[in-house]
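Here the structure comes first, spelled out in structure tokens, and everything after it is commentary.
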Amino acid sequence: MLRSSLIWLSRQKSIFRFVRNNGFAKKVASRFVAGETLEAACDAVVALNAKRVPASLDQLGESVTSEPEARETGLRYLQLLDEIARRRLNANVSVKLTSLGQDVSDTLCEEITRSILDRAKKYGNFVRLDMEGSDYTQRTLDFFSRRLYPDYPEHVGIVLQSMLRRTTQDVAWANEKKCRVRICKGAYLEPASVAFPDKKDVDRCYVDCAKALIEHGKYPGLATHDPAIITEIGAWAKARGIGADQFEFQMLYGVRRDLQEQLVRDGWRLRLYVPFGTQWYPYLMRRMAERPANLWFITGNVLRESFRRR
């Protein structure tokens, strides 16, 4: 019931218009979304870079169903890459193929994605293809490996989700191809036929995949806010003499800032995933609907930092 309510709320444009003018709602959102404009997002990256933390910028938006929408999204990413280069920011970008026309046609999506990769290559930058629900997993991996990676091996990477039962095999495949991977747990609500229903199995798969990527892959990104997992991987890496320059931890903008600061103090590399754009309300609602535990996760982070400031 909670999930259905959150999905319903995410689709209510009248509520979004109200929320966008609500000071408290915007304040909560500002913890996790770096403003509505490209300039605001880049300003947030400047502040992160000053703390020796790079970023991966994600321009929020709905899955598009028309060619004009897909082309407009692609143009905004070109502008974003131009601005990153102009301001000399330590940041790359993350894109969702559905926002670039994947559900319209593969031909259109390839044309737009290649234009973004050409711009990234020009600047020596990098583009991460975000992974969406399990219905898109094989489509995304096929699109990446057949249409993009052969021409942009240094400028494009993928995301894999440890909640999916297939991911151990996908990690082995990615390591064989020597492509860059971000491993995360995954936030989508998936059936038990394709995903582990128990958290302990998701966590174990995550740790096993992270270690395999570090040992046999190409500079993986380990996306997690779990202190126990971070401690385990850090101790394992040190015991094997694996340097901090062989991988990076990745976390969401505004989440567990205390842990982010500790990672940097301890000498680990950290990159923050920084979403921005006008669609912050649907973004937050969907994140919570995909996994209602995210509601308590976000609330807990706000309360934790509020008490710490006191």
- [ ] Specify which of the listed residues (R147, R165) is surrounded by fewer than 18 Cβ atoms within 10 Å (Cβ to Cβ), more than 20 Å from V93 (Cα to Cα) and not β-branched (V, I, T).
- [x] R165
TODO: Within the range 196-213, track down each residue that is over 16 Å from Q169 (Cβ atoms), of a type in the set (D, E, K, R) and part of a helix (DSSP H, G or I).
DONE: K199, K200, D203
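Going through L100, L78, L60 one at a time, which residue ends up being aliphatic (A, V, I, L, M), out of contact with any His (no Cβ under 8 Å at 6 or more places or on another chain), more than 17 Å from E39 (Cα to Cα) and touching a residue at least 12 places away in the same chain (Cβ under 8 Å)? Walk me through how you get there before you give the answer.
Working: L78 fails: more than 17 Å from E39 (Cα to Cα); L60 fails: more than 17 Å from E39 (Cα to Cα).
From the options L100, L78, L60, the qualifying one is L100.
When the range 174-195 is examined, which residues are found to be in a helix (DSSP H, G or I) and surrounded by 14 or more Cβ atoms within 10 Å (Cβ to Cβ)?
Narrowing the range 174-195 to residues in a helix (DSSP H, G or I): 174-177.
Those that are in a helix (DSSP H, G or I) and surrounded by 14 or more Cβ atoms within 10 Å (Cβ to Cβ): A174, N175, K177.
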- [ ] Give the residues of the range 231-251 that are under 18 Å from R52 (Cβ atoms) and buried (at least 20 other Cβ atoms within 10 Å of the Cβ), sorted by residue number.
- [x] F247, F249, Q250, M251
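If you go through the range 160-173, how many residues are assigned to a loop (DSSP other than H, G, I, E, B) and of a type in the set (D, E, K, R)? Reasoning before the result, please.
Taking the range 160-173 as the starting set, the residues that turn out to be assigned to a loop (DSSP other than H, G, I, E, B) are 162-163, 165-166.
When the remaining residues are screened for being of a type in the set (D, E, K, R), the result is 165-166.
Qualifying residue count, the range 160-173: 2.
Condition check: at pLDDT below 95, under 17 Å from L272 (Cβ atoms) and charged (D, E, K, R). Does D198 satisfy that?
On the way: at pLDDT below 95: yes; under 17 Å from L272 (Cβ atoms): no; charged (D, E, K, R): yes.
Answer is no for this residue.
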Open item on the list: Can you find, within the range 208-228, the residue that is surrounded by the fewest Cβ atoms within 10 Å (Cβ to Cβ) among those that are more than 18 Å from the chain's Cα centre (by Cα) and aliphatic (A, V, I, L, M)?
Closed with: A228
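Give the range 48-104 a look and list any residue that's part of a helix (DSSP H, G or I), buried (at least 21 other Cβ atoms within 10 Å of the Cβ) and of a type in the set (A, V, I, L, M), or say none.
L48, A70, L80, L81, I84, L97, L100
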Task: Inter-residue pairs, beta-carbon under 6 Å, first in contact (Cβ under 8 Å) with a residue 12 or more places away in the chain and at negative phi and in the range 218-233, second polar (S, T, N, Q) and assigned to a strand (DSSP E or B), 6+ apart - done: G221/Q250; A223/Q250
TODO: Residues being farther than 19 Å from A223 by Cβ, among the aliphatic types (A, V, I, L, M), without any contact (Cβ under 8 Å) to a residue 60 or more places away in the chain and in contact with a strand residue (DSSP E or B) (Cβ under 7 Å, 6 or more places away or on another chain): count how many of those fall in the range 146-203.
DONE: 1
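The values are calculated or read from the model by the stated rules, or taken from the named source; none is laboratory data. Everything numeric in this text was worked out from a predicted model, so none of it was measured. Cβ atoms come from the backbone with ideal geometry, glycine included; neighbour counts cover every protein chain shown.
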